[in-house]
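The values are calculated or read from the model by the stated rules, or taken from the named source; none is laboratory data. On a predicted model such as this, the values are computed, not experimentally measured, just so you know. Methodologically, a virtual Cβ is constructed for each residue, glycine included, from the backbone with ideal geometry; neighbour enumeration extends over all protein chains shown.
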Amino acid sequence: MTRHALTADRTATRARGRLEAVLRRGDFALTAETSPPDAGAPAPVLARGGCLKGLADAVNVTDGAGARAHMSALAAAALLARDGIEPVLQFTMRDRNRLALQGDILGAAALGIPNILCLHGDDVATGDQPEAKPVYDIDSRELMRTARRMRDEGTFPSGRPIEPRPALFIGAADRPTDPKPGWKPDALLAKIDAGADFVQTQYCFDMDLLRRYLARLADHGVLERLFVIVGIGPIASAKSARWMNENLFGVQIPEEIVRRLDGARDQQAEGRRICVELLQELSEIDGVGGAHLMAPRQEEAIAEVIADSGLLSRRSAA
Amino acid sequence: MGMYAVRLWSVRHSRLLESFYQGFERIIVRLDPLWKRIGYERLEQPVAAVERQVKGLLFDCQMCGQCALSSTGMSCPMNCPKNLRNGPCGGVRANGHCEVKPEMKCVWVKAWEGSQQMLEGKAILDVQKPVDNTLKGHSSWLRVAREKAGARAQPEGRAS
Amino acid sequence: MIVDPLYDPGDPLPPLPGHSSRGRLERVLRSGKFAVTAELNPPDSADPREVFERALVLSEVCDAINATDASGANTHMSSVGICSLLTRAGYAVIMQISCRDRNRIAIQGDVLGAAAMGVSNILCLTGDGVQAGDQPGAKPVFDLDSTSLLETIRTMRDEKRFLSGRKITVPPAVLLGAAANPFAPPYDYRPIHLGKKVAAGAQFIQTQYCYDIPLLERFMARVRDLDLHKKCFILVGVGPLASAKTARWMRTNVPGVHIPDQVIARLEGAQKQKLEGKNLCIELIQQIREIEGVAGVHVMAYRQEELVSDVISASGIMKNRQPRPQARRPAKERIA
């Protein structure tokens, strides 16, 4: 049985990245996240993200996360790609206007980066340079429309041709919510209309909530048009679980997980164990395309969780 | 076009405006204790409103909140379509007009003219820091009063 | 055979004391040789081979290749993207950064990214107005200006910190460049403006196209009065004009380009205008070379890398200087 009705490729002629291939095959995809270092050298990029090689199908590279300057996502992604790690290049709308974004998309394609994720971006006020000018020339949907046009029509928005066209797998962000009666996934449908091929969600540790959410997405035909990759991660301690509940918008870690962490002798190890279990559970849920593993500055822990989950060995032959 | 004509007048009379502002600044800095008693925060809105009116009329002020007019020949650099605060771009037209708005004289061509009449015109050589966008809409006068009064008070405080 | 160490095919090179960068351009400039840089026209393509093909033509006749950043406000492959490709193949590049399209968070990130890719030279530009391009509705950013951009990168390099003060573990080892336009008003302010950019960190300068030697000479005289030619390396921009018609078009449509009437008349009077344009460019290079304080030329021509190569070869400025061996072509799997 295929996990998705999405196996028909709309643009079958272009080269596919590993992430797209895994998803279209119907295998459970595993993505991870790394943040670029504060250095003008390649080694620190690989020192952080290198451990994910061969484990994650693709690694997200954050773009000025927390509205703080770090090495540019494009450069860090190019370094990962050169080392055989497939990136998902994140773009926020905060720091670049449409000219810069389009130029970077083309550069990314030439550098062998097949996946992009279009985000709004944290407010400059939350970072360490609140005096910077927020750009927001276009919004993330407009960037998806632009990227799709560059890929499918081979033109810039001005109509100027691009030859050859960039091969892109276009992503957006999403946040699972407990659907109230009558709630419709309007935002998600708008993202699909704008060009989203996949979404990666905010952390979701509540599998019951997720099932209710996915059921509603299925009701509205979302799952036939979009791969949903669910955000998850190894929680370092009960304390950080509580911190996440209070500070990360839309994140609700169930009380039983917090209690389990609290009761563990080695909370970090327990956090990883919980994550492995949730991964396995996720892989059994219909409509879930894969998992997106996030843990700021803990790429090693993510690598360990993927290896321990045994999900890679369960895959159908490529 | 009326506003634009006043703006050009201000650059032509940069020396006069410079002397006036120097006197004005001395007064507002000296009145720092009064401002403190009323409360700078309470003054912010009304003073910014007055400043917007006065400087808007004279300079087409954009209320960046970090006024550089004394270093730019009384020609407001925020009226440059590229917001350049350190000198003209390379696109200035042969007739001295702006690359982006051809009907307007380059702000920096005017700045250079204005600064040459001023006593402290060489301030145009100072490298200006990037704009702090959080100050937008705030009063530059109050900021100067608070900062200069603070700077004066500090060495005395240390001595006593 | 002894290979001139200046032409080591790999860039970056081992660090040298007193140098800001590990690039070949800085070595050439500091050695007092007449430097040659050339501009690469960025492709509208997702194929890295197009970048390499264009770069290969230029690399044989110049010390470093400029990668433009959506010049004329027309978007092409981004300069970080081009530089990431070129540095992998060992080309010496000058990455252009304009203030038009990115705020300070993005720019500081791109600087670190560029350094990590092996970029040794960065040229700080204001950027043409968005009205000049084919997406005039784009929002102009201009969070920094070219001078504060220079100071920002110098701070990152020399003080190992971002503008916010946060520490940088490995600072970007780059030679900092700026643009100058001696051919646009206010003429008497232009040398002073150059001084301001030097004070903010500019170590080399690339100028706008020069078609007016007397105007350049007046500018350079003032630059020498201010001693600025000893504080930065000045490379004068030149380029072959294809015809009188092109010259007129450029003069009207490209911001900041000044072409005197005599130049257009000369092209118009010629039987083969393209050849005349090429000869004119060669003559300009030779005249510019004689001006005291000029450290090199920067050759530009829209989508005509072959012509640029011809002009440089014919001008004789690279004579007695072994052209750099062909850059290593990167293995296919490394770029794919």
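A compact table of results
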read-out: Verdict on residue B:3 being at pLDDT below 95 and of a type outside the set (Lys, Arg); value: yes
read-out: Scope region A:118-152; condition in contact (Cβ under 8 Å) with a residue 60 or more places away in the chain, in a helix (DSSP H, G or I) and among the polar types (S, T, N, Q); matching residues; value: A:126
read-out: Filter pass, residue C:298 being in contact with a strand residue (DSSP E or B) (Cβ under 9 Å, 6 or more places away or on another chain), touching a residue at least 12 places away in the same chain (Cβ under 8 Å) and either β-branched (Val, Ile, Thr) or part of a loop (DSSP other than H, G, I, E, B) (or both); value: no
read-out: Wholly within region C:29-125, helices (runs of 4 or more DSSP H) carrying at least 3 residues that are over 18 Å from residue A:82 (Cβ atoms) and out of contact with any strand residue (DSSP E or B) (no Cβ under 6 Å at 6 or more places or on another chain); value: C:48-59, C:104-117
read-out: Failed condition for residue B:95, given (1) polar (S, T, N, Q); (2) outside any loop (DSSP other than H, G, I, E, B); (3) exposed (fewer than 13 other Cβ atoms within 10 Å of the Cβ); value: (2)
read-out: In region A:12-38, the residues that are surrounded by 21 or more Cβ atoms within 10 Å (Cβ to Cβ) and either touching a Cys at 6+ places or on another chain (Cβ under 8 Å) or more than 27 Å from residue A:278 (Cβ to Cβ) (or both); value: A:36, A:37, A:38
read-out: Restricting region C:178-192 to residues that are assigned to a loop (DSSP other than H, G, I, E, B) and free of Cβ contacts under 8 Å to residues at least 40 places away in the same chain, the residue that is surrounded by the fewest Cβ atoms within 10 Å (Cβ to Cβ); value: C:188
read-out: Some residue of region C:167-177 being facing chain B (nearest Cβ under 10 Å) and either free of Cβ contacts under 8 Å to residues at least 60 places away in the same chain or surrounded by 19 or more Cβ atoms within 10 Å (Cβ to Cβ) (or both); value: no
read-out: Residue list for region C:132-151, filter: charged (D, E, K, R) and either at the interface with chain B (Cβ under 10 Å from one of its Cβ atoms) or outside any loop (DSSP other than H, G, I, E, B) (or both); value: C:143, C:145, C:151
read-out: Residue within region B:105-117 that is of a type in the set (S, T, N, Q) and farther than 21 Å from residue C:188 by Cβ present; value: no
read-out: Condition broken by residue A:88, with the remaining ones in (1) closer than 21 Å to residue A:162 by Cα; (2) part of a strand (DSSP E or B) satisfied; value: (1)
read-out: Residue in region C:90-102 that is over 22 Å from the mean Cα position of the chain (by Cα), acidic (Asp, Glu) and either facing chain A (nearest Cβ under 8 Å) or surrounded by 23 or more Cβ atoms within 10 Å (Cβ to Cβ) (or both) present; value: no
read-out: Test: residue in region B:42-58 that is in contact with a Lys or Arg (Cβ under 7 Å, 6 or more places away or on another chain) and more than 23 Å from residue B:122 (Cα to Cα); value: no
